Amino acid sequence: MEDVREIKQDGMDDWVVGKDGSAAVVAATGRGLPWRWQEGDLTVTRTAAWSAPGCHLGCGVKVYTDANGNFVKLEGDECNPFNQGRLCVRCLSFDQVITNEQRLTHPMKRARADRGKDAWEEITWDEAYDLICDTFGEIKEKYGPESILFASGTGRDIANGMYRMAYSFGSPNIAYQQTGVACYGPRITATSIMMGNYCVPDCSMYFADRYDNPQWKPPGVIFIWGNNPLVSNADGNVGHWMVDCMKRGSKIVVVDPRLTWIASKADLFMRLRPGTDAALALAIINVMIEEDAYDHEFVENWTYGFEDLARVAKEYTPEKAEEITWVSAEKIREAARMAVECSPMTMQWGLALDQTRECISGSMALVALWALTGCIDVPGGMVTTHQPFGAEIWQPPAAETFLDEEVVQRRIGYYEYPLYKYSGCVVAQPDMLYDACITGKPYAIKAGWWQSTNPLSCCSQSPESKAYKAIMNLDFNVVVDIFMTPTAMACAEVVLPVATWAEKTGMRSIWYYMQPINAAVEVADNDVRSDLQINLDLGKRWAPEKWPWNSVEEFFTDQMGDSGYDYDQLREVNWMYPKFEYHKYRTGKQRADGAYGFNTPTGRLEFRSTLCEQWGFESVPSYHETDRGPRSTPELMDEYPLILTTGARNWSYFHSEGRQVARLRALRPDPIIEVNPLAAEKYGVADGDWVWVENEYGKIKMKAQVTIAVPESVVNVDHAWWFPERNPETLYDTFSSNANQLVPPEFGSTGFGANCKSLICKIYKLSEGER
Ligand SMILES: Nc1nc2c(c(=O)[nH]1)N[C@H]1C(S)=C(S)[C@@H](COP(=O)(O)OP(=O)(O)OC[C@H]3O[C@@H](n4cnc5c(=O)[nH]c(N)nc54)[C@H](O)[C@@H]3O)O[C@H]1N2
Ligand SMILES: Nc1nc2c(c(=O)[nH]1)N[C@H]1C(S)=C(S)[C@@H](COP(=O)(O)OP(=O)(O)OC[C@H]3O[C@@H](n4cnc5c(=O)[nH]c(N)nc54)[C@H](O)[C@@H]3O)O[C@H]1N2
Ligand code: SF4
Ligand SMILES: [Mo]
């Protein structure tokens, strides 16, 4: 390797010249820092916290261990450019995860007849693998490899290994079983079809020297739209970055029905009615066009379909939008002016966009908004994303590299919903997949592999729901997790225990950088394996030619793209940042073919999507009224007078995780419904009361938190609750306070989207004895 790289010192940066002359930049701050050292009796290991337990980030941490390799404590790694030493309460409670008595410590099996019973038998890894291979093998022989689904949940440290393993088995049915994949995929799709790439707000994270980098400048204004960055640290974005930008002068506009911490600090807070985001965006666009305040140079030279956008936006005057969204026309005008005048404008958007049924055309309105400002790929604007060094580790491999085209096309939903190809998560359409589990159409689905997902707590309604029926209808299920879960208790024949991030060798990569996950803690007492090790073990059995690596380190070296480095060298430098450039669409670096412009059929940013047009989907940004609410179902509002949003993130929990972790549970002991003081008075509810939250679909028990965080007509409920302390054979009561009892499994015309955040309900106190 040494002969193909040359290191040049250039100010802050170390340049590494790869084989083809392409230059990468390695963080100067990382070179020369040890990845492991001794402090007194303790060994310190520099590493990254990704999963398990789960998170979208992977902040830099220093793990302290004793002479026996046992975990002692951890601290944020102040040298790590990504989080700069800051940690949230979940990492700070990791001591209670790694030593948690409820962790799974051995592979286990159970007879199918004993589903739902706490009747597990410990087995060895070899016995577990044999059982899985024999059973999957028989099913494959009889029904074909596509009859086994391979599911994971949200972005944890899983996808690359699990996708490879599933494809090695021969199945194209990768799954993420939330109705309409209503998380992230829709936003990626909307951006990709319009621009050919995804975009993120530029908080300097592409540079190892961060805010000091002379190329970067702070955003003039950050629109925080349907996202709560400090709490959720979602999608690779550290919430603290927003605060860092605020300190450097960025103004903040928040679009959220709830008064979040950052909304309380905002220059402009647009408290909209849940589900009306697209109408608000179109009204802001309306003002920008009416006031002739958009970026003409960008629109004329680099975009397509502006007239179509203008036609749609014309309808959404601020006054009309005020009626729909509850945001005053005056604030709408102010937002439009800030977007233009506080240049560069950027946007941190979130889950609320995906969780409307017509989420693609709705999200397109937001892409159009930021595009009109022309702040694309400029310092402090919306910057496009690319895999660092072309490495695959974060982005799973394409199915086509493993499977024949004809097999890929058998993926459930492949023909019906072609936009899935643009979502970055090439999964089966979840609702159709559940249907197939039940009906055997278009073909039988017979078994499930569930690695890092707990769909019964997170994404299903009740024992009567399609999800529960589908999962229970399968002949054989394998669950891979760190804890026993309601899903595993309900349906698994085999459970495999995994290592936490502190116990495994891995690699964290996202668009900005690459970093090793250095195993810090010995796992001698536990018989756990890393997710990748499990995928590698089984992948080797199913398709040895696709798994030529003898160790995970060898695997990672192969995943490092054109960096010119191997895994050990990555360890030496601690983290690697690719060379980053702005204005790529103007220099021919945005598209793989080197042409100027964007990676779309027209080469322009498409306000009217030619891809959508081709497939007969709605092709311009648009607003769709939510299915239930004061405008679409006024007749239901007497019975269900409150607007319901679900699942706003809290500090303690990552979805269904963390309920067994004492420190986290103490922060949020019970499932919460947020109710405004005026509403509480109206419905006879006091702070701390247990209430029924009910709508046409179901009812759940929640504890009222009376707070001005929500407006009078809106309530918000936690999602993903279960109670690890309760009887396993009730599935830990996961259906008693499960937000999804209130969410219908209905998705949008593109196969994406679900109305999780714009529903209706009523609330009333539990009677005596109902608790
Ligand atoms: N009503 C409502 N429902 C929602 C939402 C909402 O806002 N409202 N949000 C939705 C969203 S956006 C999402 S992404 C889904 C999330 O759904 P999921 O991703 O399925 O989340 P969990 O149910 O927490 O399941 C994760 C499981 O994986 C385990 N785990 C964590 N890390 C690892 C790891 O590294 N390896 C392995 N093998 N296991 C691991 C955890 O212990 C846990 O049991 O929920 C959705 N559900
Ligand atoms: N602590 C913690 N962090 C997490 C997770 C977790 O479970 N816990 N889950 C991870 C996952 S998978 C995801 S997808 C992300 C999601 O993270 P975010 O994108 O931040 O999503 P939420 O917290 O669900 O909602 C963000 C904000 O949207 C507001 N909101 C609700 N309805 C609407 C609406 O109709 N319109 C608008 N504009 N706003 C609305 C809520 O009040 C909330 O403040 O978080 C990730 N990070
Ligand atoms: S966001 Fe919190 S839980 Fe996630 S890696 Fe960073 S500190 Fe850990
Ligand atoms: Mo998510």
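The values are calculated or read from the model by the stated rules, or taken from the named source; none is laboratory data. These numbers were taken from a predicted model, which means no experiment stands behind them. Neighbour counts are summed over all protein chains in view; Cβ atoms, including those assigned to glycine, are modelled from backbone coordinates with ideal geometry. Ligands, DNA and RNA are stripped out before the accessible areas are found, and what is left, the full protein with its side chains, is counted by its heavy atoms. Shrake-Rupley method; radii C 1.70, N 1.55, O 1.52, S 1.80 Å.
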Would you be able to tell me the number of residues in the stretch 171-184 that are near ligand 2 (Cβ under 10 Å from one of its atoms) and among the small types (Gly, Ala, Ser)? 1
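Condition check ((1) at pLDDT below 95; (2) within 16 Å of ligand 4 (Cβ to nearest atom)) across all residues:
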| site | (1), (2) |
| --- | --- |
| LYS331 | no, no |
| GLY350 | no, yes |
| LEU353 | no, yes |
| VAL367 | no, no |
| GLY381 | no, no |
| THR384 | no, no |
| GLN387 | yes, no |
| VAL408 | no, no |
| PRO418 | no, no |
So which residues in the stretch 138-158 are away from ligand 1 (no atom under 16 Å from the Cβ) and surrounded by 14 or more Cβ atoms within 10 Å (Cβ to Cβ)? GLU138, ILE139, LYS140, TYR143, GLY144, PRO145, GLU146, SER147, ILE148
For PHE269: the one exception among (1) in contact with an Asp or Glu (Cβ under 8 Å, 6 or more places away or on another chain); (2) open to solvent by 10 Å² or more (accessible area, probe 1.4 Å); (3) part of a loop (DSSP other than H, G, I, E, B): (3)
Can you find, within the stretch 57-97, the residue that is least open to solvent (accessible area, probe 1.4 Å) among those that are away from ligand 3 (no atom under 13 Å from the Cβ) and β-branched (Val, Ile, Thr)? THR65
Spot the failing condition for ALA436; the list is (1) of a type outside the set (Val, Ile, Thr); (2) buried (at least 21 other Cβ atoms within 10 Å of the Cβ); (3) assigned by TED's automatic domain parsing to the domain that holds TRP225, and only one is missed. (3)
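Is it the case, given these coordinates, that THR356 is assigned by TED's automatic domain parsing to the domain that holds PRO257, out of contact with any helix residue (DSSP H, G or I) (no Cβ under 6 Å at 6 or more places or on another chain) and touching a residue at least 60 places away in the same chain (Cβ under 8 Å)?
Values: assigned by TED's automatic domain parsing to the domain that holds PRO257: yes; out of contact with any helix residue (DSSP H, G or I) (no Cβ under 6 Å at 6 or more places or on another chain): no; touching a residue at least 60 places away in the same chain (Cβ under 8 Å): yes.
Considered against the rule, which asks whether it is assigned by TED's automatic domain parsing to the domain that holds PRO257, out of contact with any helix residue (DSSP H, G or I) (no Cβ under 6 Å at 6 or more places or on another chain) and touching a residue at least 60 places away in the same chain (Cβ under 8 Å), THR356 comes out as no.
Hey, among the residues in the stretch 224-266 that are among the small types (Gly, Ala, Ser) and in contact with a Pro (Cβ under 6 Å, 6 or more places away or on another chain), which one's nearest to ligand 3 (Cβ to nearest atom)? Spell out how you get there, then give the answer.
Step one: list which residues in the stretch 224-266 are among the small types (Gly, Ala, Ser), which gives 226, 232, 234, 236, 239, 249-250, 263-264, 266.
Among the residues that remain, those that are also in contact with a Pro (Cβ under 6 Å, 6 or more places away or on another chain) are: 239, 249-250.
Details: GLY239: 8, GLY249: 25, SER250: 21 Å.
Looking at the filtered set, the residue picked out is GLY239.
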Being under 23 Å from ARG508 (Cα atoms) and within 15 Å of ligand 4 (Cβ to nearest atom) is the filter here; which residues of the stretch 159-184 pass it? ALA159, ALA175, TYR176, CYS183, TYR184
Subset of the stretch 439-488 that is basic (Lys, Arg) and in contact with a Phe, Trp or Tyr (Cβ under 6 Å, 6 or more places away or on another chain) - its residue that is nearest to ligand 1 (Cβ to nearest atom): LYS466
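Scan the stretch 195-202 and give yes if some residue there is within 16 Å of ligand 2 (Cβ to nearest atom), under 17 Å from ALA398 (Cβ atoms) and part of a loop (DSSP other than H, G, I, E, B), otherwise no.
Filtering the stretch 195-202 for residues within 16 Å of ligand 2 (Cβ to nearest atom) gives 198-201.
From what's left, under 17 Å from ALA398 (Cβ atoms): 198.
Filter once more, keeping what is part of a loop (DSSP other than H, G, I, E, B): 198.
Yes; the residues of the stretch 195-202 include at least one that is within 16 Å of ligand 2 (Cβ to nearest atom), under 17 Å from ALA398 (Cβ atoms) and part of a loop (DSSP other than H, G, I, E, B).
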Regarding the stretch 15-33, can at least one residue be identified that is at pLDDT below 95, of a type in the set (D, E, K, R) and either within 16 Å of ligand 4 (Cβ to nearest atom) or closer than 16 Å to MET560 by Cβ (or both)? yes
Taking the residues in the stretch 38-56 that are surrounded by fewer than 23 Cβ atoms within 10 Å (Cβ to Cβ) and part of a strand (DSSP E or B) as candidates, determine which candidate is nearest to ligand 2 (Cβ to nearest atom). THR45
Could you tell me which numbered condition TYR417 fails, if it satisfies all but one of (1) of a type in the set (Ser, Thr, Tyr); (2) open to solvent by 20 Å² or more (accessible area, probe 1.4 Å); (3) within 15 Å of ligand 2 (Cβ to nearest atom)? (3)
Can you tell me which of SER767, SER749, SER713, SER656 is polar (S, T, N, Q), open to solvent by 30 Å² or more (accessible area, probe 1.4 Å) and in contact with a Phe, Trp or Tyr (Cβ under 8 Å, 6 or more places away or on another chain)? SER749
For the stretch 98-115, give me the residue count where each residue is buried (at least 21 other Cβ atoms within 10 Å of the Cβ) and within 16 Å of ligand 3 (Cβ to nearest atom). 1
Residues (part of a helix (DSSP H, G or I), open to solvent by 10 Å² or more (accessible area, probe 1.4 Å), within 16 Å of ligand 1 (Cβ to nearest atom) and touching a Gly at 6+ places or on another chain (Cβ under 8 Å)) located in the stretch 171-194: ILE188
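For the structure I just gave you, tell me whether ARG258 is surrounded by fewer than 19 Cβ atoms within 10 Å (Cβ to Cβ) and in contact (Cβ under 8 Å) with a residue 12 or more places away in the chain.
On the way: surrounded by fewer than 19 Cβ atoms within 10 Å (Cβ to Cβ): no; in contact (Cβ under 8 Å) with a residue 12 or more places away in the chain: yes.
It is false that ARG258 is surrounded by fewer than 19 Cβ atoms within 10 Å (Cβ to Cβ) and in contact (Cβ under 8 Å) with a residue 12 or more places away in the chain.
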The helices (runs of 4 or more DSSP H) lying wholly within the stretch 82-155 that contain at least 2 residues that are in contact with a Pro (Cβ under 8 Å, 6 or more places away or on another chain) and more than 16 Å from ligand 2 (Cβ to nearest atom) are 125-143
Tally the residues that are touching a residue at least 40 places away in the same chain (Cβ under 8 Å) and assigned to a loop (DSSP other than H, G, I, E, B), restricting the search to the stretch 205-238. 21
Failed item, numbered, when GLU78 is tested on (1) free of Cβ contacts under 8 Å to residues at least 60 places away in the same chain; (2) touching a strand residue (DSSP E or B) at 6+ places or on another chain (Cβ under 7 Å); (3) closer than 30 Å to TYR206 by Cβ: (2)
Check HIS624 against each of (1) in contact (Cβ under 8 Å) with a residue 40 or more places away in the chain; (2) surrounded by 15 or more Cβ atoms within 10 Å (Cβ to Cβ); (3) over 30 Å from VAL675 (Cα atoms) and name the one condition it does not meet. (3)
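What do you reckon, is ALA313 assigned by TED's automatic domain parsing to the domain that holds ASN227, out of contact with any strand residue (DSSP E or B) (no Cβ under 8 Å at 6 or more places or on another chain), open to solvent by less than 10 Å² (accessible area, probe 1.4 Å) and over 20 Å from GLY350 (Cβ atoms)? So that I can check it myself, show each step before the final result.
Numbers: assigned by TED's automatic domain parsing to the domain that holds ASN227: yes; out of contact with any strand residue (DSSP E or B) (no Cβ under 8 Å at 6 or more places or on another chain): yes; open to solvent by less than 10 Å² (accessible area, probe 1.4 Å): yes; over 20 Å from GLY350 (Cβ atoms): yes.
Taking the combined requirement at face value, the residue satisfies it.
Among the residues of the stretch 627-646, what is the count of those that are polar (S, T, N, Q) and surrounded by 19 or more Cβ atoms within 10 Å (Cβ to Cβ)?
First, pick out the residues of the stretch 627-646 that are polar (S, T, N, Q): 632-633, 645-646.
Subset that is surrounded by 19 or more Cβ atoms within 10 Å (Cβ to Cβ): 645-646.
Total satisfying the criteria: 2.
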